[in-house]
Amino acid sequence: MSDTTIGLLHPGEMGAAVGQCLTAAGHRVLWIPEGRSAATRERAAAAGLEGCGWAEMAARSAVIVSVCPPAAALEVARTVAGTGFGGLYLDANAVSPATAGDVAGIVKPASFVDGGIIGTPPVTPGFIRLYLSGDRAEQARDLFAGPAVDARLVAPPGTASAVKMAYASWTKGSAALLLTARALARAEGVESALLEEWGISQPGLERRSAAANESAAAKGWRWVGEMEEIAAAMAAAGLPEGFHQAAADVYGAYSAGAEALR
């Protein structure tokens, strides 16, 4: 699928990186500037995206790719459905398989492809893995020519989101636990002793906790919804959901500026 017109919702940090990969592959990528911040506009311009309105995106695009905060995934899908879009809809958000199924139902008659992104910007070869599932997953994979995106097919439909949930349950879930452990030590006045013990028995953990703190301060607001989606996925699988409900509370505290966790 070369030289395809693709709608991108929306060019946040990851969305803009995905858009850059698509333009580099020779596609025309549209986005909607209305209501977006100056920072988003700058990212879109740097990625080579073309601004338009909702109706124009629906009319011109063969594919629409949704990369937004998890809590917005359903709203974005409803907005797209309201335009009458009938092409390929790739939902690449960090949502549970159940939410992915809800999105699929909302965007009909568009063809739904479930996607799960693992990785972080900036764009470097293999910087993200994009897991894809659905009847047209192979077609979606073919959009990402070039080395920056490692697009991988998984089956059956809905399992791309499951891969993302399982992966992030550890990466972001364990980071939240690490932040909470250090916050407890700080509250009890034993942080220096904990850091010394980490240096002896868990080398690298202090550095990881510092990186987790920095990431949570910058992106914790976005991860609340992701942890809630993971908790829902755990519950649906008959597994304890409390781990990730608590992680959502941790990241929510960061987004609210709570000093106890910093």
Need one number for region 132-262: average projected area of the convex hull over its C-alpha atoms, nm². 10.1 nm²
Based on alpha-carbon centroids, what's the gap between region 6-42 and region 198-262 in Å, whole number please? 28 Å
On the accessible surface of region 105-208, probed at 1.4 Å with all protein chains in place, carbon and sulfur together account for a percent value of 58 percent
How much area per residue is accessible in the chain when the probe is 1.4 Å and only protein heavy atoms are counted (Å²)? 45 Å²
To make sure I understand the rule: partners must be lysines, Cα under 23 Å from the Cα of Lys164, and not fewer than 8 residues away in the same chain. Which ones qualify? Lys172, Lys219
With each label point set 7 Å from Cα along the Cα-Cβ vector, what nm distance links Glu241 and Asp135? 3.1 nm
For region 1-77, what is the Kirkwood estimate of the hydrodynamic radius, computed as the reciprocal of the mean inverse distance between distinct Cα atoms, to one decimal in Å? 12.2 Å
Ranked output for segments 235-242, 216-223 by mean other Cβ atoms within 10 Å, highest leading, reads 216-223, 235-242
Counting sequence-distant residues (5 or more places) and residues on other chains, those with an amide H built under 5 Å from that of Leu88 are Val63, Ile64, Ser111
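Report, in order of residue number, the helices in the chain meeting two criteria: a C-alpha extent of 18 Å or more along the helix axis, and a mean Kyte-Doolittle hydropathy of at least -0.5; treat each whole DSSP H run as one helix.
Once both thresholds are applied, what remains is 159-187, 205-236, 242-255.
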Shape call for region 66-181 from the C-alpha gyration tensor, a ≥ b ≥ c root eigenvalues: rounded (a/c under 1.5), prolate (a/b greater than b/c) or oblate? oblate
Using alpha-carbon positions, the gyration tensor of region 1-131 gives root eigenvalues a ≥ b ≥ c; with a/c under 1.5 called rounded, otherwise prolate if a/b exceeds b/c, else oblate, the class is rounded
Charge context of Glu13, other residues only, Cβ under 11 angstrom, K/R +1, D/E -1: +3
Run through region 46-81 and list the GluC sites (Glu not before Pro) located in a DSSP loop whose Cβ has at most 13 other Cβ atoms within 10 Å. none
What ranking do 86-95, 178-187 get when scored by the average of other Cβ atoms within 10 Å per residue, highest first? 86-95, 178-187
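The values are calculated or read from the model by the stated rules, or taken from the named source; none is laboratory data. Predicted model only: the values in this text are computed from it and were never measured. Counting neighbours? That spans all protein chains shown, and the Cβs are built from the backbone with ideal geometry, glycine included. Surface accessibility is based on the protein's heavy atoms, side chains included, excluding ligands, DNA and RNA. Shrake-Rupley method; radii C 1.70, N 1.55, O 1.52, S 1.80 Å.
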